[in-house]
1. Test Arg47 against the criterion of being of a type in the set (Lys, Arg) and in contact with a strand residue (DSSP E or B) (Cβ under 8 Å, 6 or more places away or on another chain), and give yes or no.
2. Hey, could you check region 41-52 for residues that are not in a helix (DSSP H, G or I) and not hydrophobic (A, V, I, L, M, F, W, C) and say which is farthest from the chain's Cα centre (by Cα)?
3. Do the conditions hold for Trp12, that is, is it part of a helix (DSSP H, G or I), exposed (fewer than 13 other Cβ atoms within 10 Å of the Cβ) and modelled with pLDDT under 90?
4. Across region 53-73, which residue is surrounded by the fewest Cβ atoms within 10 Å (Cβ to Cβ) among those that are of a type in the set (Gly, Ala, Ser) and assigned to a helix (DSSP H, G or I)?
5. Within region 74-102, track down each residue that is within 18 Å of Gln58 (Cβ to Cβ), outside any helix (DSSP H, G or I) and among the aliphatic types (A, V, I, L, M).
6. Please identify the pairs in which a residue from region 93-112 that is farther than 15 Å from Glu43 by Cα has its Cβ atom under 7 Å from the Cβ atom of a residue that is modelled with pLDDT of 85 or more and small (Gly, Ala, Ser), counting only partners at least 6 apart or on another chain.
Amino acid sequence: VASLSRPTTQGWKKHRNGTRGGTVQGAVQKVFWFDPFLWALIEPTIRRCGWSAEKTVQALWRAHPVLFNKPGNTLHRGTVWKWIVRGEKRFTDSALRNIASRRSLAGTGRTGILTPYPEIVEEIVKTLKGLRVAGCVVNVHIARSLMIAIIGKRRPQLLESFSCSE
């Protein structure tokens, strides 16, 4: 009788899964903060805020909320804190390596499928840069098609176990 008398409250269970207080958790997005476009905004802000992780994050949230304070990919003070040497005004060695290589040292042990073939990577990069210099618009679909064509021409056996995704 109670459930029949309250028909509007019957749909609430569809939105809950019983974990973490019952709310449905979204997929986690990992953000590569050392990307040159993001790091160009982060590094000067860290220096301007006196190497304070909390102040840096607040300043970035205010200045660029779409990039640094969007649900699902928010920059937190703990992340910035890991980049700074405690008690000193400098970056950690691992952060400097990530900045220099423009990639994260995730420690997963996984490498890209094209790592043993630097000549293929060089050809892909050269071709993409050539298209940009020529004034062509290069989007994900064009870049993916170009990568598949070059890999298929140079090392077709790689495409048997590898799919070129975004």
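1. For Arg47, the condition - of a type in the set (Lys, Arg) and in contact with a strand residue (DSSP E or B) (Cβ under 8 Å, 6 or more places away or on another chain) - is not met.
2. Gly50
3. Yes; evaluated as a whole, the condition is true for this residue.
4. My answer is Ala63.
5. Listed by number, the residues that qualify are Leu75, Ile84.
6. Correct list of pairs: Leu105/Ser94.
The values are calculated or read from the model by the stated rules, or taken from the named source; none is laboratory data. Nothing here was measured: the structure is a model prediction, and the numbers come from that model. Here the Cβ is made from the backbone with ideal geometry for all residues, glycine too, and neighbour counts use every protein chain on show.
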